[in-house]
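Asker: Have a look at the structure that comes next, please.
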Amino acid sequence: MSENNEETTTIGARLKAARTAKGLTIDDLQQITKIQKRYLIAIEDEQFDKLPGDFYVRAFVKQYAETVDLDGNALLEEYRDQLPSVHTETIVENVDEVQPTRVASREQPASPASRVRNYLPTIIVTAIVVLILLFIWFMAVRTHAGSSSSTSADSSSVQVSSSKKQSSSSKASSSAKSSSKASSAKEQTIKANGSSDTTYTLTNGADKNKVVIKSTKAAWTSVTTNDTQTWQGTLKADGSHTLTLPSNATTVKFQFGNATATTVTINGKAFNFNPKNSTSQVRTITLTIK
């Protein structure tokens, strides 16, 4: 009885039990994490010598744990005695080799020529500042003279100019209002096709729709546009990826490996692809663009 308890408390058995509880196969886990299948099997069998190195052991174990909803850091700490440790090398330099001797660091008296060279940068900077101040003063005098001559203009021309500005301002205001009404009339919408929670239709989108994918946990996602894969990858916890769909996009297929931890926005507006709060992690969503 004690042998069975000891076996189930090993890190490999713990990870395998969590994967089985989530209904995932080794192939599913390989697709989500992009870790080779033979490495995942080696982790479950605790044959860590088959992995590329000690660093990859801890990195792969942490990613495996987070994919099956376990705390990766806590798991590494709990089973640190079962995992190979990562060693670091510390290089200590000889202090006597980098410190100058008193004789070498003793200052020599400066010659007059060297003193001039020392002050030369200060002299150059001072001259540049004086030239800049003179230029500013010249421009200020010139501007003041121009403004004084312009004040002698006829007051009637000023009134005409003012009325023209008011007219153009009112036209711009009315144009902005009409533009606002037109844009509100064509507001972007994403609706489900009937009672389906896997097919949706996007209307009044942009010419090139901007899609932002975010995840709270490690999540694999694939985006296919017009039957051509646009992007696929695994996001880390609190990671995000932005992509722009081509202008000729009519059908977009999203494949989620961890749907409950993934959110999508299109042109800055949330795409609620899970309105029925499905707990299924592996989901495929099809979006038609009109």
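Asker: In segment 252-271, which residues are over 25 Å from D28 (Cβ atoms) and out of contact with any strand residue (DSSP E or B) (no Cβ under 6 Å at 6 or more places or on another chain)?
Answerer: As a first pass, look at segment 252-271 and keep what is over 25 Å from D28 (Cβ atoms): 265-270.
Passing the criteria: G268, K269, A270.
Asker: Right, next: In segment 27-53, which residues are under 18 Å from R14 (Cβ atoms) and touching a Lys or Arg at 6+ places or on another chain (Cβ under 8 Å)?
Answerer: The answer is L29, Y39, A42, E44.
Asker: Separate question: Looking at G233, G239, which is the one that is within 13 Å of the chain's Cα centre (by Cα) and open to solvent by less than 50 Å² (accessible area, probe 1.4 Å)?
Answerer: Numbers: G233 fails: within 13 Å of the chain's Cα centre (by Cα).
The conditions single out G239.
Asker: Looking at segment 30-50, I want the residues that are within 18 Å of L83 (Cα to Cα) and have a partner that is open to solvent by 80 Å² or more (accessible area, probe 1.4 Å) with Cβ atoms under 6 Å, at least 6 apart or on another chain. Which pairs are those?
Answerer: A42/K50; E44/K16
Asker: Considering only segment 273-285, how many residues are surrounded by fewer than 17 Cβ atoms within 10 Å (Cβ to Cβ) and either in contact (Cβ under 8 Å) with a residue 60 or more places away in the chain or not in a loop (DSSP other than H, G, I, E, B) (or both)? Please lay out each step first, then the result.
Answerer: Keep residues of segment 273-285 that are surrounded by fewer than 17 Cβ atoms within 10 Å (Cβ to Cβ), which gives 275-280, 282, 284.
In the following step, the residues that additionally are either in contact (Cβ under 8 Å) with a residue 60 or more places away in the chain or not in a loop (DSSP other than H, G, I, E, B) (or both) were identified as 275-276, 278, 282, 284.
Total satisfying the criteria: 5.
Asker: I'd like the full set of residues that are modelled with pLDDT of 90 or more and either within 23 Å of T67 (Cβ to Cβ) or assigned to a loop (DSSP other than H, G, I, E, B) (or both), limited to segment 259-271.
Answerer: Within segment 259-271, T260, A261, N267, G268, F271 meet the criteria.
Asker: I'm trying to understand the selection: among the residues of segment 251-271, which are open to solvent by 70 Å² or more (accessible area, probe 1.4 Å), more than 12 Å from I213 (Cα to Cα) and of a type in the set (S, T, N, Q)?
Answerer: The answer is T260, and nothing else.
Asker: Can you run down the residue pairs with Cβ atoms below 8 Å, 6 or more apart or on separate chains, where the first is in segment 190-212 and free of Cβ contacts under 8 Å to residues at least 24 places away in the same chain and more than 13 Å from I285 (Cα to Cα) and the partner is part of a strand (DSSP E or B) and open to solvent by 30 Å² or more (accessible area, probe 1.4 Å)?
Answerer: What qualifies is N204/T189.
Asker: Look at D207 and say whether it is open to solvent by less than 40 Å² (accessible area, probe 1.4 Å), over 21 Å from the mean Cα position of the chain (by Cα) and charged (D, E, K, R).
Answerer: Working: open to solvent by less than 40 Å² (accessible area, probe 1.4 Å): no; over 21 Å from the mean Cα position of the chain (by Cα): yes; charged (D, E, K, R): yes.
Considered against the rule, which asks whether it is open to solvent by less than 40 Å² (accessible area, probe 1.4 Å), over 21 Å from the mean Cα position of the chain (by Cα) and charged (D, E, K, R), D207 comes out as no.
Asker: Only helices (runs of 4 or more DSSP H) wholly contained in segment 1-101 count here; list those with 2 or more residues that are surrounded by 13 or more Cβ atoms within 10 Å (Cβ to Cβ) and modelled with pLDDT of 95 or more. Even if it seems obvious, please write down each step before you answer.
Answerer: Details: elements: 2-8, 11-21, 26-33, 37-44, 54-67, 72-78, 95-98.
Correct list: 11-21, 26-33, 37-44, 54-67.
The values are calculated or read from the model by the stated rules, or taken from the named source; none is laboratory data. What you see is a predicted model; the values in this text were computed from it and never measured. Here Cβ is always computed from backbone atoms with ideal geometry, including for glycine, and neighbour counts include all displayed protein chains. Each accessible area value is taken on the protein alone, full model and side chains, heavy atoms only, with ligands, DNA and RNA left out. Shrake-Rupley method; radii C 1.70, N 1.55, O 1.52, S 1.80 Å.
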